[in-house]
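Asks: Structure provided below as structure tokens; questions to follow.
The values are calculated or read from the model by the stated rules, or taken from the named source; none is laboratory data. Just so you know, these numbers come straight off a predicted model, no measurement behind them. All Cβ positions, even for glycine, are placed from backbone atoms using ideal geometry, and neighbour counts span all protein chains on display.
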Amino acid sequence: MKEITQKDIEKVKCELAKKRKEFDELTFTDLEEQLKWIREFFNEYIPELEKRFLSEKELKEWKFLPNELRIYFYLYFPEHGLNMANYSQELCYKLAEEREGKYPYLTGRRFLF
């Protein structure tokens, strides 16, 4: 992995701030539309950052961006963090529902934590 300098972090923060400003200037009809915009932006921007900071080997091994960069995604787009938390809860609920038939002791339990 390429060493991440303070200059790199500042550049990412600047890029995210510009996108946040763009996001705030848009008019959305509902929360789902906002989350879709954020998801599409992340799906476009994160691979670009991964190519910038991760080696070919790390990209093939599904390495993630280091925390010193990822934290800023949640600072500039807190909606994404909330969306991911809600998504995780939904997945846990679906898993519990699927297992209730196979594992009767899970009946009535909403989440598997």
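Residue-wise test of (1) touching a Pro at 6+ places or on another chain (Cβ under 8 Å); (2) of a type in the set (Val, Ile, Thr); (3) part of a helix (DSSP H, G or I); (4) modelled with pLDDT of 90 or more.
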{"site": "ILE4", "(1), (2), (3), (4)": "yes, yes, no, no"}
{"site": "ASP8", "(1), (2), (3), (4)": "no, no, yes, yes"}
{"site": "CYS14", "(1), (2), (3), (4)": "no, no, yes, yes"}
{"site": "ASP24", "(1), (2), (3), (4)": "no, no, yes, yes"}
{"site": "THR27", "(1), (2), (3), (4)": "no, yes, no, yes"}
{"site": "LYS36", "(1), (2), (3), (4)": "no, no, yes, no"}
{"site": "LEU49", "(1), (2), (3), (4)": "no, no, yes, no"}
{"site": "LYS63", "(1), (2), (3), (4)": "no, no, no, no"}
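Asks: Continuing with this model, one more query. In the stretch 75-84, is there at least one residue being modelled with pLDDT of 70 or more, among the hydrophobic types (A, V, I, L, M, F, W, C) and either closer than 22 Å to VAL12 by Cα or not assigned by TED's automatic domain parsing to the domain that holds GLU3 (or both)?
Replies: Checked against the condition, which is being modelled with pLDDT of 70 or more, among the hydrophobic types (A, V, I, L, M, F, W, C) and either closer than 22 Å to VAL12 by Cα or not assigned by TED's automatic domain parsing to the domain that holds GLU3 (or both), the stretch 75-84 yields at least one hit.
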